[in-house]
């Protein structure tokens with residue numbers, strides 16, 4: 001009998017998280033042509049400081065300079081791709097206080113990029129995501145290590161990676177939404193964290209430098225927030241995700257709230273967003289594949305979708321590790337790059 005997805009976690013492989021193997025990878029892609037309008041108003045960007053002046057005759061690299069206020073970041077831990085920083089963010093709009101981990105690519109401090117903005121990846125963890133985000137931990141998902149390796153080979157952009165908490169409590173399944181009586185995680189993740197990044201780091205103007213990615217329960221959040229805020233986020237990646245709320249919070253959710261926070265309903269408005277949906281074909285986790293195939297059928301331009309089915313893939317961290325180069329490559333093709341001086 002297939003286990004219920006509501007475990008919400010990403011399972012360890014039978015012997016170790018790092019030992020699962022893949023027999024191969026099958027690719028199923030369906031990309032809708034981009035045209036028409038998004039059907040949703042773009043949120044106005046916050047005010048920004050002007051970029052530093054450049055020598056005469058040389059075009060200034062695209063950049064939005066940090067606006068402040070400056071967050072207090074401390075050293076969290078080190079990865080082979082560089083240090084992870086952490087801050088405790090008090091959300092001005094949501095009222096939620098939660099941790100946010102940030103990784104800056106080596107190029108961020110390179111003098112050639114001193115006047116350049118960088119693309120941003122918001123990465124949402126699997127499981128409950130209470131006071132934790134596995135994208136920041138190399139022993140689970142070596143995202144930063146993979147990124148540095150690919151950047152050196154010019155196979156991936158240097159991305160700022162932002163990794164916030166997903167929930168405040170295991171007893172309050174917010175599904176990254178604002179539900180009365182519960183923490184406003186939709187506003188915290190979609191607005192407060194977004195503004196904190198713009199306040200503290202050099203980013204790219206507009207939405208074309210902003211992507212969302214998630215695994216399992218975090219994949220739901222990535223797709224939902226991208227469809228909800230197409231004026232802020234250009235692209236979203238979902239690994240082993242789902243597309244309708246499945247909260248465990250009891251009577252807090254009404255049918256209207258379920259529909260209002262459902263990607264299945266949001267995608268029918270055809271926002272101008274690019275989606276990348278991945279799942280494995282292992283029988284034990286067949287529902288992962290079935291969900292993305294069903295969701296794919298709802299997509300119409302200008303929304304675009306690409307689907308990848310991982311042969312013999314499951315709902316394990318070892319399966320996701322195998323896909324990291326492909327995921328970073330997809331974001332590189334679908335988000336703008338930083339431009340060095342010179």
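Structure above, values below:
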quantity	calculated
Answer residue from the range 195-209, given it is under 21 Å from residue 275 (Cα atoms) and either without any contact (Cβ under 8 Å) to a residue 60 or more places away in the chain or buried (at least 22 other Cβ atoms within 10 Å of the Cβ) (or both) and is farthest from the chain's Cα centre (by Cα) among those	204
Flag if residue 232 is assigned to a loop (DSSP other than H, G, I, E, B), more than 30 Å from residue 312 (Cβ to Cβ), over 10 Å from the mean Cα position of the chain (by Cα) and modelled with pLDDT of 95 or more	yes
Filter pass, residue 263 being out of contact with any strand residue (DSSP E or B) (no Cβ under 7 Å at 6 or more places or on another chain) and buried (at least 21 other Cβ atoms within 10 Å of the Cβ)	yes
Per-region count, the range 322-342, residues at pLDDT 95 or above and either assigned to a helix (DSSP H, G or I) or touching a helix residue (DSSP H, G or I) at 6+ places or on another chain (Cβ under 9 Å) (or both)	14
Evaluation of residue 154 against (1) in contact with a helix residue (DSSP H, G or I) (Cβ under 6 Å, 6 or more places away or on another chain); (2) surrounded by fewer than 23 Cβ atoms within 10 Å (Cβ to Cβ); (3) within 16 Å of residue 339 (Cα to Cα) (one fails), failing number	(1)
The range 59-95, subset at positive phi and out of contact with any strand residue (DSSP E or B) (no Cβ under 7 Å at 6 or more places or on another chain), residue surrounded by the fewest Cβ atoms within 10 Å (Cβ to Cβ)	68
Some residue of the range 305-320 being at pLDDT 95 or above, within 17 Å of the chain's Cα centre (by Cα) and either part of a helix (DSSP H, G or I) or on the phi > 0 side of the Ramachandran plot (or both)	yes
Listing of strands (runs of 3 or more DSSP E) fully contained in the range 57-126 that carry 2 or more residues being touching a helix residue (DSSP H, G or I) at 6+ places or on another chain (Cβ under 9 Å) and farther than 30 Å from residue 288 by Cβ	74-79, 82-90
Filter result for residue 212 (part of a helix (DSSP H, G or I), closer than 19 Å to residue 245 by Cβ and touching a helix residue (DSSP H, G or I) at 6+ places or on another chain (Cβ under 9 Å))	no
Looking only at the range 174-191, and only at residues there that are buried (at least 24 other Cβ atoms within 10 Å of the Cβ) and assigned to a loop (DSSP other than H, G, I, E, B), the one that is farthest from the chain's Cα centre (by Cα)	174
Subset tally (residues that are within 21 Å of residue 322 (Cα to Cα), in contact (Cβ under 8 Å) with a residue 60 or more places away in the chain and out of contact with any helix residue (DSSP H, G or I) (no Cβ under 7 Å at 6 or more places or on another chain)) for the range 286-307	3
Criterion (touching a residue at least 24 places away in the same chain (Cβ under 8 Å) and buried (at least 24 other Cβ atoms within 10 Å of the Cβ)) met by exactly one of 231, 241	241
Check on residue 302, more than 25 Å from residue 139 (Cα to Cα), out of contact with any strand residue (DSSP E or B) (no Cβ under 9 Å at 6 or more places or on another chain), modelled with pLDDT of 95 or more and assigned to a loop (DSSP other than H, G, I, E, B)	yes
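The values are calculated or read from the model by the stated rules, or taken from the named source; none is laboratory data. The model shown is predicted, which means the values in this text are computed figures rather than measured ones. All Cβ positions, glycine included, derive from the backbone under ideal geometry; neighbour counts span all protein chains shown.
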